[in-house]
Amino acid sequence: MHRDRVEAILQALRTAYPGARSRLHYNNAYQLLVAAILSAQTTDEQVNKVTPGLFQRYPTAADLAAATPAEVSAQIKSLGLFRQKSAHLVAACRILLEKHNGRVPDSFEELVALPGVGRKVANVVLSNIFGRDVIAVDTHVFRVANRLGLARAGNVRETEEQLMAVLPPGSRREAHHLLIYHGREVCRARQPRCLECQVRSYCENGCQE
Ligand code: SF4
């Protein structure tokens, strides 16, 4: 895709969603890592309802590492997959203590080695905490990027690779947030609101007017 077209899409989305940023509530790397692990198949709003109590009870990775999964489950049972997520959180925090002095590592390989952390969560942490110029591809980014022709991929991994190639350096974190906002607000999975779409002239989903 031509750079001018990419820039035009990004600019239109910037205008539509000024200040787009993560909707997860966090104050440090530990909190974002935990919130991102909890966000699997769950909305950010649901995660934000449980994390204040969770972080009050377990303010550091050491505190969470000392808990049992059953204790953590009691704090997050309103979320889907809460038993699995509890086990992941405790195991991940124990690794943080054993291998990283209780800190969240800043390398992709070390992040994805943590239970509950895949490419998306790792890239969310790397971009939002460590300022890395990477893009995390979730279901919204995957759908919107492919509808707009920013990627032409059949899976999340290929979409990430293609977006890394086509997005201008320095724009990937912002693009992640813009595509998520557009996917939530307008370009929904079912019944996208194409008549209200700010980038429909670029769309390759058959929605141009
Ligand atoms: S025109 Fe419709 S399908 Fe295309 S990007 Fe906009 S909302 Fe999504």
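The values are calculated or read from the model by the stated rules, or taken from the named source; none is laboratory data. Keep in mind that this is a model prediction, so the values were computed, not measured. Heads up, the Cβs are rebuilt from the backbone with ideal geometry, glycines too, and the neighbour counts pull from every protein chain shown. Accessible surface areas use protein heavy atoms only, side chains included; no ligands, DNA or RNA. Shrake-Rupley method; radii C 1.70, N 1.55, O 1.52, S 1.80 Å.
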**Item:** Q11, sole failed condition from (1) in the same structural domain as G149 (by TED's automatic domain parsing); (2) touching a residue at least 24 places away in the same chain (Cβ under 8 Å)
**Value:** (2)
**Request:** Kindly indicate whether V137 is touching a Ser or Thr at 6+ places or on another chain (Cβ under 6 Å), in a loop (DSSP other than H, G, I, E, B) and of a type outside the set (D, E).
**Result:** yes
**Per-region count, segment 153-175, residues in a helix (DSSP H, G or I), free of Cβ contacts under 8 Å to residues at least 24 places away in the same chain and within 17 Å of E204 (Cα to Cα)** = 2
**Message:** Residues that are of a type outside the set (D, E) and within 11 Å of the ligand (Cβ to nearest atom): does segment 169-182 have at least one?
**Reply:** yes
**Asked** Which pairs have Cβ atoms under 7 Å, sit 6 or more apart or on different chains, and link a residue in segment 121-139 that is open to solvent by less than 20 Å² (accessible area, probe 1.4 Å) to one that is of a type in the set (K, R)?
**Response** L126/R132; S127/R172; S127/R173; I135/R172; A136/K120; V137/K120
**Message:** Among the residues of segment 91-131, what is the count of those that are under 13 Å from E160 (Cβ atoms) and of a type in the set (K, R)?
**Reply:** 2
**Which numbered condition V117 misses (of (1) in a helix (DSSP H, G or I); (2) within 16 Å of the chain's Cα centre (by Cα))** = (1)
**Request:** Specify which of the listed residues (L126, L150) is aliphatic (A, V, I, L, M) and either within 16 Å of the ligand (Cβ to nearest atom) or touching a Pro at 6+ places or on another chain (Cβ under 8 Å) (or both).
**Result:** L150
**Message:** Being open to solvent by 30 Å² or more (accessible area, probe 1.4 Å), among the charged types (D, E, K, R) and at pLDDT 95 or above is the requirement here; does R14 meet it?
**Reply:** yes
**Request:** With the condition kept exactly as written, say whether any residue in segment 191-204 is part of a helix (DSSP H, G or I), out of contact with any strand residue (DSSP E or B) (no Cβ under 9 Å at 6 or more places or on another chain), free of Cβ contacts under 8 Å to residues at least 12 places away in the same chain and more than 14 Å from the ligand (Cβ to nearest atom).
**Result:** no
